[in-house]
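K.L.:
Below is the structure I would like to discuss, written out as structure tokens.
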Amino acid sequence: LILGEFNDSLTEYGLVELRGEVCLKLENMEKAREYNSSIKSAFSAVASLLRPSSTDEEVQLLDFLCYGFLVDDFSFNNREEEFQEIEKCGFKTPEYLLVESSNRYDLEETIPTVMQTFEDAYEEFGYFCDGVVFEINSRDLFNSFGIEGNHNSGNIALKVGLWKQDLY
């Protein structure tokens with residue numbers, strides 16, 4: 001119901017794992033609240049619309065934004081290349097912006113500007129979401145940061161500004 005009709009664009013890859021987020025479009029928020037008036041956050045909206053007793057009409061308010069494309073014996077050099085392949089296969093990706101940086105100090109100065117850019121364009125992007133993820137584009141460099149528990153150290157989710165979490 002969320003992905004739509006059969007998509008044969010993946011047949012050449014063999015077994016594929018797609019990773020992503022189920023999201024609610026901003027334009028569907030009021031309709032979602034007709035089903036559940038207590039919706040307050042992106043998480044509560046999606047959880048409410050994906051409950052086992054949801055109707056087809058509720059589920060169809062949601063979209064799938066794909067951020068991961070895993071195929072055996074195949075890897076991408078960078079995240080941007082991966083997103084381009086995902087889009088070529090007909091899936092939506094989260095909005096993204098590539099920031100060139102030569103060192104971490106450049107990035108520290110860039111983060112507030114990028115956050116403001118995403119906040120300014122939030123309605124244009126069109127999805128009710130709960131943060132902005134900063135991620136190292138190069139897969140080799142990203143992987144060199146390793147994993148801490150269940151979390152990759154090559155990225156960070158920021159939930160500040162427009163995405164500040166006052167509900168927890």
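The values are calculated or read from the model by the stated rules, or taken from the named source; none is laboratory data. What you see is a predicted model, and the numbers here were worked out from it, not measured in a lab. When we count neighbours, we look across all protein chains shown, and the Cβ atoms used for this are built from the backbone with ideal geometry, even at glycine. Surface accessibility is based on the protein's heavy atoms, side chains included, excluding ligands, DNA and RNA. Shrake-Rupley method; radii C 1.70, N 1.55, O 1.52, S 1.80 Å.
This table checks each residue for (1) of a type outside the set (Gly, Ala, Ser); (2) open to solvent by 50 Å² or more (accessible area, probe 1.4 Å); (3) in contact (Cβ under 8 Å) with a residue 24 or more places away in the chain.
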{"site": "ASP120", "(1), (2), (3)": "yes, yes, no"}
{"site": "GLU124", "(1), (2), (3)": "yes, yes, no"}
{"site": "SER138", "(1), (2), (3)": "no, no, yes"}
{"site": "GLY146", "(1), (2), (3)": "no, no, no"}
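K.L.:
Still on this model: So, in segment 51-69, how many residues would count as being open to solvent by less than 80 Å² (accessible area, probe 1.4 Å) and not in a strand (DSSP E or B)?
P.N.:
Residues in segment 51-69 being open to solvent by less than 80 Å² (accessible area, probe 1.4 Å) and not in a strand (DSSP E or B): 5 in total.
K.L.:
Any idea which of VAL46, VAL22 is under 17 Å from the mean Cα position of the chain (by Cα), free of Cβ contacts under 8 Å to residues at least 40 places away in the same chain and either part of a helix (DSSP H, G or I) or surrounded by 14 or more Cβ atoms within 10 Å (Cβ to Cβ) (or both)?
P.N.:
Checking each option against the conditions leaves just VAL46.
K.L.:
Which one of these does LEU24 not meet: (1) touching a helix residue (DSSP H, G or I) at 6+ places or on another chain (Cβ under 7 Å); (2) over 30 Å from ASN137 (Cα atoms); (3) of a type outside the set (Val, Ile, Thr)?
P.N.:
(2)
K.L.:
Condition first: touching a strand residue (DSSP E or B) at 6+ places or on another chain (Cβ under 7 Å) and either surrounded by fewer than 16 Cβ atoms within 10 Å (Cβ to Cβ) or part of a strand (DSSP E or B) (or both). Now tell me which residues in segment 86-99 satisfy that. Lay out the reasoning, then the answer.
P.N.:
Applying the first criterion (touching a strand residue (DSSP E or B) at 6+ places or on another chain (Cβ under 7 Å)) to segment 86-99 yields 86, 91-94.
Of everything in segment 86-99, just one residue is touching a strand residue (DSSP E or B) at 6+ places or on another chain (Cβ under 7 Å) and either surrounded by fewer than 16 Cβ atoms within 10 Å (Cβ to Cβ) or part of a strand (DSSP E or B) (or both), namely LYS92.
K.L.:
To continue, here is another question. Tell me, which residue of segment 100-112 that is open to solvent by 90 Å² or more (accessible area, probe 1.4 Å) and not charged (D, E, K, R) is nearest to LEU162 (Cα to Cα)?
P.N.:
TYR105
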